[in-house]
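Engineer: I am attaching a structure below and will ask some questions about it afterwards.
The values are calculated or read from the model by the stated rules, or taken from the named source; none is laboratory data. Everything numeric in this text was worked out from a predicted model, so none of it was measured. Don't worry about glycine lacking a Cβ; one is built from the backbone with ideal geometry, like all the others, and counts go over all protein chains shown. Ligands, DNA and RNA are stripped out before the accessible areas are found, and what is left, the full protein with its side chains, is counted by its heavy atoms. Shrake-Rupley method; radii C 1.70, N 1.55, O 1.52, S 1.80 Å.
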Amino acid sequence: MTQVRGVANLEPMARRREQRAWYWYDWANSAYFTTIGTVLFAPYMISVAKQAAPDCGTPGCVQKVEVLGVGIAAGSIPGFLVAIATFIGAVLLPIVGAVADRSPRKKLHMATYAWIGSAFAALLFFMTEGNWQLGAVAIVVSNILVGCSLVVYNAILVDISTENERDRVSSRGWAWGYLGGGLLLAVNLAVVSLHSSLGISTAFAVRISMLSAAIWWAAFTVIPFVRLRNRPPLDVVAVGDGSLLQRSFGQLFATFREMRNYPMTLTFLLAYLFYNDGIQTVITSASTYGAEELDLSQTVLIATILLVQFVAFGGALLFGRLAERHGAYRLILTGTALWMLVVVFAVFLPTGKAVPFLVLAVAIGIVMGGTQALSRSFFSLLIPRGREGEYFSLYQACERGTSWFGSVLFALMFQITGSYRPSIIALIVFFVLGGFFLLRLDPQRGIREAGNSAPVVV
């Protein structure tokens, strides 16, 4: 078995202790994604921006705020901000990964990004009375920094687990994240829903909920920071002398030059780019589809969001267990096929019926948790030793830098047809393309090319 920074030399109990510490960062950062990123930030930002926008004079007109002399619709601001953060993050992430690979203090990098990011996320509490610019800075910076922290976090997976443990560890991390994010989201949705009984306004309930997510993210990051070990970097490529940053840039350029030597790794990144884009679009568009096309109430949609979180907890664990018997590659391929069935099922959902929509949510939760967890662990097998940060930065960039393709297709199909049903079925193209590249992938060859040992079952 290939030894990665001596991880195979550690006693199983020592590895388990570090793995349990590692899970806590999934628990920590998921609160940011669920409470802030998925549910509360966008509608609240729109309401604050509308307070700053001048009255446009006619009922139903689009209120706009001025940015550098250009009028921006208040309803478009959250989307533009996420796009800006995504673009900047995609540029920065490879540098972050290269620096992490050259540092003996990975956990410090991860925690520093997390704590600074959570501090900016906490600034959302002060976004009120038309002060949308503060919220814009807070969400862009925190969004970039959570991506940076995840690059380092994912790279640590290789340090704390052997090849045969990778699927189990990644799946439990994802499951722990879904559970933590879901629990805090349930509390925060209760606070927002019961705000009058608590004697507070809706706006204050939203602000305190976003602050709680920032505090949660910062507080639980302490656990992996304290319990994970530091490890010296592997000097697998000579990149000259100089500072850490100079050596990191040198290593990064070497990686881009040498990626053609790892065709299976590139093939998986292409597959992931497409099927993950489809996954992200289904998740982000589900509430729009339920509200606008299926005419479901806000109560049903809130229940659906919570249901997906908790079912995904079980889905990640289930896929992790199945991967021990059938291998991560086969499960990812199966998951991609199941996503196609989810999309087809969604098209035929009846209007005004909550139960079929909730059944769909269960299916989404199961397959979402599994495919995301195993994608991370399988990709870790395709990474040359000592390059985990760099390659996981590319993995993260594929997720963040191209995740708008599906949203554009979804919006374009609605623009053309006036119905969200064609928009949903159009997303099947992303899973078809993802499956196409997965079928062209030889996992055993990819693992050999990266210099790693294959698990008992791939």
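Engineer: Return yes when Arg168 is part of a helix (DSSP H, G or I), basic (Lys, Arg) and within 30 Å of Ala303 (Cβ to Cβ) and no when it is not.
Structural biologist: no
Engineer: Given (1) among the hydrophobic types (A, V, I, L, M, F, W, C); (2) free of Cβ contacts under 8 Å to residues at least 12 places away in the same chain; (3) buried (at least 18 other Cβ atoms within 10 Å of the Cβ), where does Met110 come up short, assuming only one miss?
Structural biologist: (2)
Engineer: Moving on to the next point. Which one of these is closer than 23 Å to Val282 by Cβ, in a helix (DSSP H, G or I) and open to solvent by less than 10 Å² (accessible area, probe 1.4 Å): Val367, Val344?
Structural biologist: Matching residue, one of Val367, Val344: Val367.
Engineer: Using the structure shown, decide if Thr351 is surrounded by fewer than 22 Cβ atoms within 10 Å (Cβ to Cβ), of a type in the set (Ser, Thr, Tyr) and part of a helix (DSSP H, G or I).
Structural biologist: The answer is no for Thr351.
Engineer: Would you pick out the residues in the stretch 206-237 that are within 23 Å of Arg15 (Cα to Cα), part of a loop (DSSP other than H, G, I, E, B), among the aliphatic types (A, V, I, L, M) and open to solvent by 30 Å² or more (accessible area, probe 1.4 Å)?
Structural biologist: Leu234
Engineer: Given the options Phe378, Phe414, Phe436, Phe405, name the one that is open to solvent by 20 Å² or more (accessible area, probe 1.4 Å) and modelled with pLDDT of 95 or more.
Structural biologist: Phe436 is the lone residue from the list that is open to solvent by 20 Å² or more (accessible area, probe 1.4 Å) and modelled with pLDDT of 95 or more.
Engineer: Can you report the number of residues in the stretch 257-311 which are farther than 28 Å from Pro78 by Cβ, open to solvent by less than 50 Å² (accessible area, probe 1.4 Å) and without any contact (Cβ under 8 Å) to a residue 24 or more places away in the chain?
Structural biologist: Qualifying residue count for the region: 1.
Engineer: Go through the stretch 378-389 residue by residue and tally those that are in a helix (DSSP H, G or I) and over 13 Å from Thr265 (Cα atoms).
Structural biologist: Final tally of qualifying residues: 1.
Engineer: Hey, does the stretch 438-456 have a residue that's acidic (Asp, Glu) and in a helix (DSSP H, G or I)?
Structural biologist: Scanning the stretch 438-456 turns up at least one residue that is acidic (Asp, Glu) and in a helix (DSSP H, G or I).
Engineer: If we keep just the residues of the stretch 125-162 that are among the hydroxyl-bearing types (Ser, Thr, Tyr) and in a loop (DSSP other than H, G, I, E, B), which is most open to solvent (accessible area, probe 1.4 Å)?
Structural biologist: In the first step, residues of the stretch 125-162 are kept if they are among the hydroxyl-bearing types (Ser, Thr, Tyr); the result is 128, 142, 149, 153, 161-162.
Still in the list and also in a loop (DSSP other than H, G, I, E, B): 128, 161-162.
Values: Thr128: 47, Ser161: 0, Thr162: 10 Å².
Within the stretch 125-162, the match that is most open to solvent (accessible area, probe 1.4 Å) is Thr128.
Engineer: Okay, next question. Just to verify a result, which residue in the stretch 226-255, among those that are of a type in the set (Lys, Arg) and modelled with pLDDT of 65 or more, is farthest from Leu93 (Cα to Cα)?
Structural biologist: Arg227
Engineer: Let me ask you something else. Can you confirm whether the stretch 391-398 contains a residue that is surrounded by 21 or more Cβ atoms within 10 Å (Cβ to Cβ) and either at pLDDT 95 or above or among the small types (Gly, Ala, Ser) (or both)?
Structural biologist: Checking the stretch 391-398: at least one residue is surrounded by 21 or more Cβ atoms within 10 Å (Cβ to Cβ) and either at pLDDT 95 or above or among the small types (Gly, Ala, Ser) (or both).
Engineer: Only residues that are open to solvent by 70 Å² or more (accessible area, probe 1.4 Å) and at pLDDT below 75: list them for the stretch 69-98, please.
Structural biologist: Listed by number, the list holds a single entry, Val70.
Engineer: With respect to the numbered conditions (1) hydrophobic (A, V, I, L, M, F, W, C); (2) out of contact with any Ser or Thr (no Cβ under 7 Å at 6 or more places or on another chain); (3) at pLDDT 95 or above, which one is the sole condition not fulfilled by Met368?
Structural biologist: Of the numbered conditions (1) hydrophobic (A, V, I, L, M, F, W, C); (2) out of contact with any Ser or Thr (no Cβ under 7 Å at 6 or more places or on another chain); (3) at pLDDT 95 or above, the odd one out for Met368 is (3).
Yes or no, residue by residue, for (1) in a helix (DSSP H, G or I); (2) at pLDDT 95 or above:
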{"residue": "Arg257", "(1), (2)": "yes, no"}
{"residue": "Phe268", "(1), (2)": "yes, yes"}
{"residue": "Leu273", "(1), (2)": "yes, no"}
{"residue": "Ser285", "(1), (2)": "yes, no"}
{"residue": "Glu292", "(1), (2)": "yes, no"}
{"residue": "Asp295", "(1), (2)": "no, no"}
{"residue": "Gln309", "(1), (2)": "yes, no"}
{"residue": "Ile332", "(1), (2)": "yes, yes"}
{"residue": "Met340", "(1), (2)": "yes, yes"}
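Engineer: Within the stretch 163-190, can you find the residues that are hydroxyl-bearing (Ser, Thr, Tyr) and either free of Cβ contacts under 8 Å to residues at least 40 places away in the same chain or open to solvent by 10 Å² or more (accessible area, probe 1.4 Å) (or both)?
Structural biologist: Scanning the stretch 163-190 gives a single hit, Tyr178.
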